[in-house]
Amino acid sequence: MQFKYHIKVRYAETDQMGVVHHGVYPIYFEAARVEWLENFNMAYHQLEKDGMMMPIYDLKVKYHAPAYFGDQLQVDIKLVDLQMFKLKFDYRIYNQHDKVITSGLTILVFMDAETRKPIKCPKWLHDKLSQAL
């Protein structure tokens, strides 16, 4: 199931030429991912309070075209793989002209917040996330 997240490019995210800095796109991915989780009634901060974290294990970004200060962007995010120890998201970022400007993926792992060691995804969470595939 694809989810759409909208963001307007802020001045602080751009360089002197008004172009979005390459390091900002993973932040857009994360913002969309947090909203995606909330859309499924799973608040990331609550997962952390419950003792589980989901750090990034792998991140890939492909830049197709620049985004500029003031652009209206749409981040499409989709869960594409769910395993017992990790999950994978695909992303597409479109500008206001429906042009793909960035694509990417993230792989996150399930981790115990206290021990900082990998854990299996809890069954209740795996069942809930499976609904999004």
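Filter the trypsin sites (Lys or Arg not before Pro) in the stretch 1-36 to those in DSSP coil with at most 14 other Cβ atoms within 10 Å of their Cβ, and list the result. For trypsin sites (Lys or Arg not before Pro) across the stretch 1-36 that sit outside H, G, I, E and B with at most 14 neighbouring Cβ atoms in 10 Å, the list reads ARG10.
Modelled label positions at PHE69 and ASP127, each set 7 Å beyond Cα in the direction of Cβ, lie 5.1 nm from each other.
Taking each DSSP H run with n ≥ 4 as -39500 (n - 2.57) and averaging over every residue of the chain yields -6500 deg cm²/dmol at 222 nm. Peptides 34-40, 78-84 ranked from most to least packed give 34-40, 78-84, packing being the mean of other C-beta atoms within 10 angstrom over each peptide's residues.
State the percentage of accessible surface on the chain attributable to carbon and sulfur atoms; use a 1.4 Å probe and exclude ligands, DNA and RNA.
53 percent
Quick one: in the chain, what % of C-alpha pairs are over 23 Å apart? Every Cα pair in the chain considered, those over 23 Å come to 35 percent.
If you place +1 on the Cβ of every Lys and Arg and -1 on the Cβ of every Asp and Glu, how big does the dipole about the Cα centre of the chain come out, in debye to the nearest 20?
So the magnitude is around 260 debye.
Residues ILE101, ILE107, ordered by accessible area of protein heavy atoms at a 1.4 angstrom probe radius and largest first, appear as ILE107, ILE101. Projecting the Cα atoms of ALA132, VAL100, LEU87 onto the charge dipole of the stretch 26-133, computed from C-beta unit charges around the Cα centre, puts LEU87 farthest toward the positive end. Within the stretch 59-133, all pairs of alpha-carbon atoms sorted by distance into 5 Å bins from zero give the percentages 3, 15, 20, 17, 14, 12, 9, 8, 2, 0. Angle of helix 25-39 to the longest C-alpha principal axis of the chain, folded into 0 to 90 degrees and rounded to 10: 50°.
Counting 0.36 nm for each residue step from GLN2 to SER103 and taking away their Cα separation leaves a gain of 35.0 nm.
For the stretch 1-77, the C-alpha radius of gyration divided by 2.2 N^0.38 Å, with N the number of residues, is 1.24. With the other protein chains left in place, how much accessible area per residue, in square angstrom, belongs to the chain at a 1.4 angstrom probe? That works out to 59 Å² for each residue.
The values are calculated or read from the model by the stated rules, or taken from the named source; none is laboratory data. Quantities reported herein were computed from a predicted structural model and do not represent experimental measurements. Every residue, glycine as well, gets a Cβ built from its backbone with ideal geometry; the counts of neighbours run over all protein chains shown. Side chains are part of the model used for accessible areas, which takes the heavy atoms of the whole protein and leaves out ligands, DNA and RNA. Shrake-Rupley method; radii C 1.70, N 1.55, O 1.52, S 1.80 Å.
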